[in-house]
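A short worksheet on the structure shown next.
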Amino acid sequence: MSDPKDFSASMESDFRKTPVRVAFVTRRTSPAVKFRDEDYVMTFPETLIRAAVAVQVLVVFLVWLALLWNAPLEQLADPMHTPNPAKAPWYFLGLQELLHYFPPVVAGVLVPGLVVTALVVIPYFNINIEADGIFSKDRRRRLAICWSVIPALLVFLIAFDVYVAVPATLLIAALLFVAQRTPADAPKGFRSWLASKPLSFWIMTWFLMELMVLTGVGTFFRGPGWSWVLPWRG
Amino acid sequence: MKERAILLVLLLGMSACAKRAVDAPASGAAAVPSGAVLTEVSGGKQVTRIGALLDQPVVVQLNDAQGTAIPGAVLSLSGAQGVKFDPASGPTDATGQFTTLVSAPGTSGRFQLLASTTDGKVQLKVEQVALGYEQLLGRQLSNQYCVRCHDPESTPERVSNMDNLDPKPHAFTEGDTYNKFSDADLTAIIGHGGPALNKASSMPPFGFTLSPSEIQALTSYIRAISDPPYSDTTRVYASK
Amino acid sequence: MSDEIKAPTTPDSGELSRRRFFVKVGMTSIAVAAAGTGVFAYQFLSPNVLYEPSPVVNAGKPDRYPPDSVTLDPETAIYVVRDPEGYFALSATCTHLGCLTAFKQELGIIACPCHGSKFNRDGVKIAGPAPKPLPWLRMWLNDDGELMVDRSNSIATKQLVRV
Amino acid sequence: MNGLRSLWNKFFGNSSRAFGSMSVILLLSLAIAPAKDFFSEWRHAQKNYVKLIRTRADAVTLERHVEPGLQQIWHPELGVVDRCTTCHLGLKEASLSNVTQQPFAKHPPIPHSLTQFGCVICHRGQGTATTEREAHHSTDSWEEPLLPANYIEASCGQCHLSPLRGTPTLNEGRRLLASEGCARCHNIKLADGSVVVPTDDPPELNHIADKTTREWIFAWVKNPQAYAASSTMPNFGFSDDDARDISAFLVAQSTKGPYPARTVKAASSDPNTVQQGASLYGQSFCASCHATQNAAGNLVGGDFGPELTRVGSKLKPEWLESWIRDPATYDPETRMPHFRLDDKQVGLISNYLQSKTDSDLLANVHLEPATQKQAEHGRALVLEYGCASCHQINGVKKPENFAPDLSRIGSKPFAQLAFPAGVEHTLPNYLTSKISKPRAFGAGLKMPKFALTTPQVDALATALLSLTSRANALPASLRIATQHESHYQPAGKAGQLISDLRCFSCHAFNGRGGTMAPDLSWEGSSVQREWLVDFLKNPNTLRPALIRRMPKFNLTGAEINTLTDYILTVYQNPAFDRDEIAPSSLTPQLAEQGKQLYYSKYSCQSCHMIDAQKDKGYIGPVLSQAGLRLTPAWTYQWLRNPQALRPGTIEPNQHMDDADAKALTAYLMTLKLRAKQGGN
Amino acid sequence: MANNIQHYIDELHQHRIWRSVFRSGSGDSNLHRAQAVQSNVFLHLFAVKSRRRMLEFSATWYLGALTFGTFLVLVITGILLMLYYHPSVPQAYADMKDLQFVVSSGVFLRNLHRWSAHAMVFLVFAHMFKVFYRGAYRPPREFNWVIGVVLLLITLLLSYTGYLLPWDQLAYWAVTVGSNIASAVPLLGQKIRFMMLGGNSVNANALLRFYVLHCMVLPLTAIFLMAIHFWRIRKDGGLYAPDKPAKEGTK
């Protein structure tokens, strides 16, 4: 890679040198190479052309979408008459589904507020910095917390009739159980992969699954009066 | 390979048979012998508003060549765009008759109904008239001012005066008489009365009672219901 | 694919030229698309329907206008002039830069407030920077006996509508 | 497989190739949008139109009229943007009258100009749309499809709130809204703010037990049309038990009426007496208002009062006699006049009417004595079904807002309507099926089934479809407001007589009253005193062809004088003086001249009779006593312009000159044949 | 012929005016390429070089680039649509109809705008989850993650404010419900809603406010934050690449 004959100092030269790190070894540090510097490419054109192709594919997709399907347009706004059901845009339907169960101050303000706050503070709480498996350290205490929080969450969800959120929670619990039962020296595979996942992974995955379930339910399975309907029985 | 070809031929044959079985008239429908004749019993030449139901149902009769009624044969009706039938098809009754209610299309003018047997071999055309706004207005005016003398039929509410007049007025449906007049002639007779045009003195002038547009509406109505139909010969549409 | 990424700096010359060709094709298509977008934008930007009042104006019954008078309708920017022989319509928009002119009753002339152009009541320029006389507009009587003026249709000859 | 892969590699093998290929694909995709625009539906229609007119003789003229591109009619004050003329290019081309191919057909003549009102004001649909589907049919964004031709008159009704000659269906529908009792349960407000006032006359039920039996009530409530086919009372579909309980309640709530009890002779079945009653019934012209079924089952007589075919099975004799004697004592609001019959006459008519029974009607009705519980349930039913919306019932208040408001039913969105199975989702279909089969919309619904024919249902739907939001939003200057009936009430003794005789039921005076008989607002200018006195004593008809005739009221001489004085002084036409033509100016020579005109120039004998033997004209009134009946001034003015004195009269305006009118007047004034007493 | 054209293009590229505008050529040398990035006001937000393994599709799924792509599409179509849009009641709805029926390709642009908006929301979410699962929010990239979260909120707000603009039933009731959720905020709820709608109900004022937010405030904020977002990628050491064992790195 760093063939010296490629190097010359003139302005017209095609310099192919990759940056070289120089480590200063002091008394308190010791040199140890963890991994080598990587292979770099020019941003222009290598990265940009790929990005451009990706965007082109997307735009072609959107253009065909726009050619084939018209954007929805309903009747002129009529304050005297609420359509049934009055649905928000799809990305808010998870929230609207929550509003079906909880008072607005909880589902409309508290939950989204907490989620946003949580997202903002994630990097500052050193969560996932080590990226160690959830039960790899402090196992006993963490197990105790885990197996008390999940049932409490389930009871809470059922108390508010949020049955739609239960399966995903149970699935996470089941996977956690698998992760817990996986020995540290398990062979590489799904189980060891699960066991290596940190707490933040589990919370985020639960959140993602609930988001998808609630949005999916709100989008496809809710009809007049926010009652259950089957989308294929239109 | 050979077996496959035979199988294919067999399958094709079977499906063809099945298709014919499906296409065949449903069992129970009487066959229509050749020489059968469809005749109009009642409901022809009715006058109604555009889009409205005709007052009387249209009744047609299916007879065979000997004049005996054919019961149970399926007849169907069709018409111009917008004409509705209730029902549009069905079997003839024990006396060989088929009755249907007809709604006029959305455009004014004469429209035809075609009654036919399912195989389409025996057909009958029935003509009706749908009145547009102007003709409807004409009919209203006619009912108010004209029919007492120009309609031979009496009703309890309105006794016809036609027989009392000499010369007798012509009924508005008499196309043979009215089609000879041009639009201008008709307008003049209605507006100026009979004597002014050397016609019967019993026809009074209506030009001071009706407005020009009302007289035009009346003319339009008379044209619409005349039998045989009026065709405007002053306008020739020749193709280039 | 991964092979090519591994050795991007040592392609054979044929591959290199093909590459250039494709990039050129790409750039040309994008240039064509940009040009096409220009045409497209022109089409898009020129409205197909206009929410503007009809150029044909109903100026009302002729006896609305007193004999030998010039009447300005500011809404439609036309003068209806009643001469002893008949009626005619003049555009009230100054031919100089489009200001709305006014008829000076005491002087009997039409004057533009913007740059001082003056016209007589036939629309002929008397003074000022206006390059052309005020155009005569087509005028006719409709079936109800009302004066109609087509603002989009100016007439060259001085045709009066006689009532 | 390999071929595909190499093809893939060729075009997408590396980033440059992918960039090049994707750019081309992007270019092509983007180019489709304007192409789609170019091949639009309306451009296609315009091309076809040009193709069509090129084959015609007047192609040059027609092509000159074609303006390519999108067309728009914009009416900001009507709130309308119409682009219909983009495709409907031949609307104004008179020479295309034989083209039936849409969208190019010529529009039939209407009284409004296309450019003045646009299209959607009348036809509805979506005027802004430029595709057939969006313009004509209902979509997510526009629920209002084109109005079917059958109901097109509904659109006229948006501005024309008073009857219009060209819209018989709409007029009929509006009449039915008032006369079939729709407006008693539903609030129906027109765009000018006026409310539809019911014109039917449902009887009050406070004293119903005096009038009829529980058995009859039972049979009636079960099926009103079984008693009288022409009844406006709808069928509520009550079960036997419900009908029993309602009859129990109605009888229980009934109180004794406010009229004097009289001894009543038992009805006689003597055929002679019945025959006398029948002839008195005929002489009193009861059939002018009341109908009876004849042997063929057809109704004969007027529809102003209730049908009397089976009246003997309904009414109690003592009530009937009291009613015939003076209806107003039982019902002060009734439209039936006070006939001033003596006891013998009352007995004869009552006896005749009681003979009109139908043994089948109540044959199967056997009711046990009512229990308290039944009456209570009956009351609950009466409340539930809003009986008090129409009838006065003791202890039951008229319910408010009993049925949905129909003031904007013509713009009701589908989303707010529930359609029964098998009904196409359009507003006209909803209305017609709701009116004709109300219970198909759900078993628990209250709306009863009215005995209406299909044309009547269509007329009602037309009237309802005219009640749109747009009608309310249109500028008031476009509205032709409803004609309100005046509250004119003549004063004094004569005024009392006029209301006692219920003259307003048939005659109109100063904008109030019925249309069954001539308008009498200017009667004082028209007739001579002597004739009027004679006429009131013994009304004989002037028009031999009429079946509806003025009944004889058996007035006293004083009453006749009061009425005559009043009519001759008050009901005068302000346009002329009734004495302006002196009888002396009408010389015999002039009369002779008039006679010539009468028989030759104007052929009056075509419509009028003078000599019943010789003349046959059936249309106008008989003129044999014109000289006794009419004043010369009225006759003269009438001949000059009959429409001015009575708008809508059949007699055409002959545009007679002064001399002819004078001569004819002179002639008519010589016709003084004395009518024999008793009339025809 | 082709040579001639190439000649003229080269001439053009060498011309003084051209050089004054485009400092670098699109030369074949890496130096030129580096200059191209550095001397371009937009491209200088990026590093001159990037890790080869981050070019793999599986590394980023190009979600960030795609999101930016949808944003560009939205800006272009949005500006065009603004030319036929009046933020007033009920003209706004009539304008939708005009776009659909009479403006050349108006319906296409509206569709593209609408679908791109949906795509952008989806892509932003996907981008966020992808970043999270890769752990790319770890220091020193924590602030860039926060900017990302803010951009997510802005995207949602952009989409939501745009939702009202057609003034149809869908828009009206979605916004009515949404603004009532805002009023559920303890203590300040009603005030927030009042400020948001410029009144007590969704009416012409609300439409104008949403219009200004949708067309001015939010896009400008988004562009500003995006610039920082991209620039921070460079400053934080390029696209985050998870640590790899030395043996893999030597490869």
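The values are calculated or read from the model by the stated rules, or taken from the named source; none is laboratory data. Predicted model, so just to flag it, every value in this text is computed and none were measured. Glycine gets a Cβ as well: all are built from the backbone with ideal geometry, and neighbour counts include every protein chain shown. All accessible areas refer to the heavy atoms of the entire protein, side chains included, with ligands and DNA or RNA removed. Shrake-Rupley method; radii C 1.70, N 1.55, O 1.52, S 1.80 Å.
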* Structure fact -> Taking Cα atoms only, helix C:13-45 is inclined relative to the longest principal axis of chain C by an angle, in degrees rounded to 10, of 10
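Using only alpha carbons, build the gyration tensor for region D:492-570 and give me the equivalent ellipsoid semi-axes, biggest first, whole Å. Provide the component values of the computation, followed by the final result.
Values: eigenvalues 62, 47, 34 Å².
Largest first, region D:492-570 gives 18, 15, 13 Å.
Compute the Kirkwood hydrodynamic radius of region D:208-379, taking the inverse of the mean of 1/r over all pairs of distinct Cα atoms, and give it in Å to one decimal.
On the way: mean 1/r = 0.0585 Å⁻¹.
So the Kirkwood estimate lands at 17.1 Å.
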* Cα centroid distance between region B:35-75 and region A:57-98, in Å? -> 53
* To do: Using Cα centres only, tell me the gap between region A:195-234 and region D:292-333 in whole Å.
  => 73
* For region D:492-570, calculate the relative contact order in percent as a whole number, restricting contacts to Cα pairs under 8 Å that are 6 or more residues apart. => 29
* To do: Apply the membrane-span-like helix rule to chain D: whole DSSP H runs, Cα extent along the own long axis of at least 24 Å, mean Kyte-Doolittle hydropathy at least -1.0. List the helices found.
  => D:15-38
* Asked: Which of C:GLY108, C:GLY60, C:GLY38 moves most in a GNM of chain C, Cα contacts under 10 Å?
  -> C:GLY38
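Could you tell me the relative contact order of chain C? Use alpha-carbon pairs under 8 Å, at least six residues apart, and round to a whole percent.
Details: 244 pairs, mean separation 30.0, N = 163.
Relative contact order of chain C: 18 percent.
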* **Normalised alpha carbon radius of gyration of region D:583-669 [divisor 2.2 N^0.38 Å]** => 1.00
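Run through every distinct alpha carbon pair of region B:133-225 and return the Kirkwood hydrodynamic radius in angstroms, one decimal place. Write out the running numbers ahead of the final one.
On the way: mean 1/r = 0.0750 Å⁻¹.
Taking every pair of different Cα atoms in region B:133-225, averaging 1/r and inverting gives 13.3 Å.
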* Structure fact -> quick shape note, region C:71-126: Cα extents on principal axes in Å, largest first -> 32, 23, 17
* Asked: Can you pull the three principal axis extents for the Cα set of region D:287-339, in Å, largest first?
  -> 36, 21, 15
* Asked: Given 10 Å bins starting at zero, what is the percent of C-alpha pairs of region A:36-80 in each, up to the one with the largest pair distance?
  -> 20, 23, 21, 17, 12, 6, 2
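Considering the convex hull of the alpha carbon atoms of region B:37-131, report its projected area averaged over all viewing directions, in nm², one decimal. Before the final figure, lay out each step's value.
On the way: hull surface 21.0 nm².
Approximately 5.2 nm², given one-decimal rounding.
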* Asked: What's the angle, to the nearest 10 degrees (0 to 90), between helix E:91-101's Cα axis and the longest principal axis of chain E?
  -> 60
* Taking every pair of alpha-carbon atoms in region D:328-387, give the share separated by more than 14 Å as a whole percent. => 78
* Asked: Which of the lysines could a cross-linker bridge to D:LYS373, judged by Cα under 22 Å and excluding same-chain residues fewer than eight apart?
  -> D:LYS222, D:LYS397
* Under a 1.4 angstrom probe, counting protein chains only, how are E:THR60, D:THR357 ranked by accessible area, largest first? -> D:THR357, E:THR60
* **Unsatisfied cross-links (Cα-Cα over 26 Å) in the set B:LYS125/D:LYS51; B:LYS45/B:LYS199; B:LYS45/B:LYS180; D:LYS552/D:LYS672; D:LYS92/D:LYS412; D:LYS412/D:LYS446** => B:LYS125/D:LYS51; B:LYS45/B:LYS199; D:LYS92/D:LYS412
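Please give me the summed charge of the neighbours of A:THR205: other residues whose Cβ is under 15 Å from its Cβ, Lys and Arg +1, Asp and Glu -1. Intermediate values should be presented prior to the final figure.
Details: positive: A:LYS197, E:LYS130, E:ARG134; negative: A:GLU210.
Charge balance near A:THR205 sits at +2.
With an 8 Å cut-off on Cα pairs and a minimum separation of 6 or more residues, tell me the relative contact order of chain D in percent.
12
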* Can you give me the pair-distance distribution of region D:378-502, C-alpha pairs, 5 Å bins, whole percents? -> 2, 8, 12, 14, 14, 14, 13, 10, 7, 3, 2, 1, 0
* **Computed Kirkwood radius, in angstrom, where 1/r is averaged over Cα pairs of region A:169-234** => 14.1
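Around B:VAL47, what is the net charge, scoring Lys/Arg as +1 and Asp/Glu as -1 over all other residues with Cβ under 12 Å from its Cβ?
On the way: positive: B:LYS45, B:ARG49, B:ARG110, B:ARG139; negative: B:ASP55, B:GLU127, B:ASP227.
Summing Lys and Arg as +1 and Asp and Glu as -1 gives +1.
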* Asked: Can you list, largest first and rounded to whole Å, the semi-axes you get for region A:90-226 by taking the square root of 5 times each eigenvalue of its Cα gyration tensor?
  -> 30, 17, 14
* Structure fact -> hull vol. (C-alpha, convex hull) per residue for region C:56-155, Å³ -> 95
* R0 of 51 Å, Cβ-Cβ distance D:HIS75-D:ARG335: FRET efficiency to nearest 0.05 -> 0.65
* Asked: What share of Cα pairs, in percent, lie more than 16 angstrom apart in region E:45-147?
  -> 68
* Show which aspartates and glutamates lie in cross-link reach of D:LYS256 when reach means a straight Cα distance below 15 angstrom and same-chain residues fewer than eight apart are skipped. => D:GLU204, D:ASP210, D:GLU318, D:ASP331
* Can you spot the lysines whose alpha carbon is less than 21 Å from A:LYS188's alpha carbon? Ignore those fewer than 8 places along the same chain. => A:LYS137, A:LYS197, E:LYS244, E:LYS247
* Structure fact -> Charge tally for neighbours of E:GLY198 with beta carbon under 15 Å away, counting Lys, Arg as +1 and Asp, Glu as -1, is +3
* **Angle in degrees between helix E:218-235 and the longest Cα principal axis of chain E, rounded to the nearest 10** => 30
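Restricting to DSSP H runs of at least four residues, report the calculated mean residue ellipticity at 222 nm for the protein assembly as shown, -39500 (n - 2.57) per run over all residues, nearest 500 deg cm²/dmol. All intermediate terms of the calculation are to be shown ahead of the outcome.
On the way: 59 runs with 651 residues, N = 1568.
Calculated mean residue ellipticity at 222 nm is -12500 deg cm²/dmol.
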* If only Cα atoms are counted, what is the Rg of region E:61-238, and what is its Dmax, in Å? -> 17.7, 54
* What residue among E:MET120, E:MET226, E:MET195 shows peak mean-square fluctuation when chain E is described by a Gaussian network model with Cα springs under 10 Å? -> E:MET195
* **Zero-based 20 Å bins, Cα pair distances in chain D, whole percents** => 14, 35, 32, 14, 4, 2, 0
* **Hull-based mean projected area of the protein assembly as shown, where the convex hull spans the alpha carbons, in square nanometres** => 91.5
* Radius of gyration, Dmax [region D:41-146; alpha carbons; angstrom] -> 13.9, 44
